[in-house]
Amino acid sequence: TAAADPSRAARRLLKDLRAEFRHMRADTIGPELATRRVILSQVLRSRAVRQAVRKEMSDRNVTRRDALRTARKHALEIAADYSHAFVRVMDRALTWLWTRLYDGVDVRNAERLDHLPVGCEVVYVPCHRSHMDYLLLSYVIYYRGYAVPYVAAGVNLNLPVIGRYLRKGGAFFIRRSFRGASMYPIVFMKYVDVMLGRGHPLEFFIEGGRSRTGKILTPKLGMLGGIVRAFLGGVRRDLYLVPVSIHYGRIAEESAYDAELSGAKKQKESFGALLKARSVLKQRHGTVYVSFAEPMSLRETLGERLGRFSEGQNDPVVQEEQRRFVQKLGFRILHEVNEAAVVGATSLSSTVLLSSSEERRVGKECRSRWSPYH
């Protein structure tokens, strides 16, 4: 018996170490990768999508095969195709890009990620100022030793060639509007459910589009509401929302924003526009500040409402209360983003100028000579 006790203790220790290493591996590179086809199969086999297929057959008088083909088309349009090998290649490319564009990348309060519970689900919610945002935040998270998040990107970025590479970096695409496609929102939210259930970190921009003025925009609540509903459905025991502020010395798209603020029409993203944007590589854009706010536990934030919301999904009164909760949560996230923001040299000097006794004259001269992002 004395000889058996050390043996049992060694086996127990080995088991605990294996579990700890599994958690560390998942935190660093994410859960075990399934092929895109396997994930799409999970989405299309879900009860919600099967019900949507039956409704499509009834409403549009189409065959089951045609309805399934439509659902699969939506899923293929949405789904990412993440590749570790591609991320390692992009690590080198982005290191060169940041060195070329910026004087430095200053990361603040990233140690808050280290204090999150082991194996928890994380959703990053950054502000949106530039197309550089999703590349920069994924790069910072990767260098902190955490799994690269899957990023909800506008379908306008799903361009030939570019879209394929964005998918390999973890981008999944969302339409600006769900109108005219009754199955699309169900397939999209079921894809989000599957990704959350598998333990993949996510990232989305709660403002929707990029802010042209640098001011925080009103939150768009569709994605946040879907994540809350997925959590209430039991996909994870807890989920942490991490607000992130990204502040640039100069915005890479400043000339385009300048034109839009002067009344010009927004130019659509295209491969040609990307080639023209090479001129930004000849300029310096100051320092970038990436600041992490305190992570918010969704379970703790819901508190006593968790049970009521989970059990009353079909109750109109509970649905209205849940809608108000999501709205308040959206504004709270943006408040935390604003609190974490760094006051850069540009913001500070602008404040000094606008606070002077000659505010109007100086402001008029600035508008006639400078971009608001200089």
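The values are calculated or read from the model by the stated rules, or taken from the named source; none is laboratory data. Small disclaimer: the values here were computed from a predicted structure and weren't measured. Ideal geometry is used to build each Cβ from the backbone, glycine not excepted, and the neighbour counts take in all protein chains shown. In case anyone asks, the SASA skips ligands and DNA or RNA and just uses the protein heavy atoms, side chains included. Shrake-Rupley method; radii C 1.70, N 1.55, O 1.52, S 1.80 Å.
Please work out which residue is least open to solvent (accessible area, probe 1.4 Å), limiting yourself to the range 61-77 and to residues that are within 24 Å of residue 163 (Cα to Cα) and among the basic types (Lys, Arg).
This residue is 72.
Could you check residue 36 against (1) among the basic types (Lys, Arg); (2) at pLDDT 90 or above; (3) under 18 Å from residue 79 (Cβ atoms) and say which number it fails?
(2)
Only one of 170, 197, 163 is modelled with pLDDT of 90 or more and touching a Pro at 6+ places or on another chain (Cβ under 7 Å). Can you tell me which?
170
Among the residues of the range 91-117, which ones are open to solvent by less than 50 Å² (accessible area, probe 1.4 Å), among the aliphatic types (A, V, I, L, M) and in contact with a Phe, Trp or Tyr (Cβ under 7 Å, 6 or more places away or on another chain)?
94, 110, 113, 116
Collect the residues in the range 118-143 that are more than 22 Å from residue 210 (Cα to Cα), at pLDDT 90 or above and surrounded by fewer than 21 Cβ atoms within 10 Å (Cβ to Cβ), keeping them in residue-number order.
Correct list: 142, 143.
Taking the range 52-94, which residues are within 30 Å of residue 250 (Cα to Cα) and in contact (Cβ under 8 Å) with a residue 12 or more places away in the chain?
86, 87, 90, 91, 94
Within the range 78-90, take every residue that is part of a helix (DSSP H, G or I) and open to solvent by less than 30 Å² (accessible area, probe 1.4 Å) and give me the one that is modelled with the highest pLDDT.
For the range 78-90, the residue satisfying everything is 78.
What are the residues in the range 274-296 that are surrounded by fewer than 16 Cβ atoms within 10 Å (Cβ to Cβ) and modelled with pLDDT of 95 or more, if any?
Hit for the range 274-296 is 294, nothing else.
Scan the range 226-260 for residues that are part of a helix (DSSP H, G or I) and among the hydroxyl-bearing types (Ser, Thr, Tyr) and report the count.
Residues meeting the conditions: 2.
So, in the range 294-346, exactly how many residues are more than 24 Å from residue 236 (Cα to Cα) and part of a loop (DSSP other than H, G, I, E, B)?
Going through the range 294-346 one residue at a time, the tally reaches 4.
Name the single residue, out of those in the range 153-199 being in a helix (DSSP H, G or I) and of a type in the set (D, E, K, R), that is surrounded by the fewest Cβ atoms within 10 Å (Cβ to Cβ).
164
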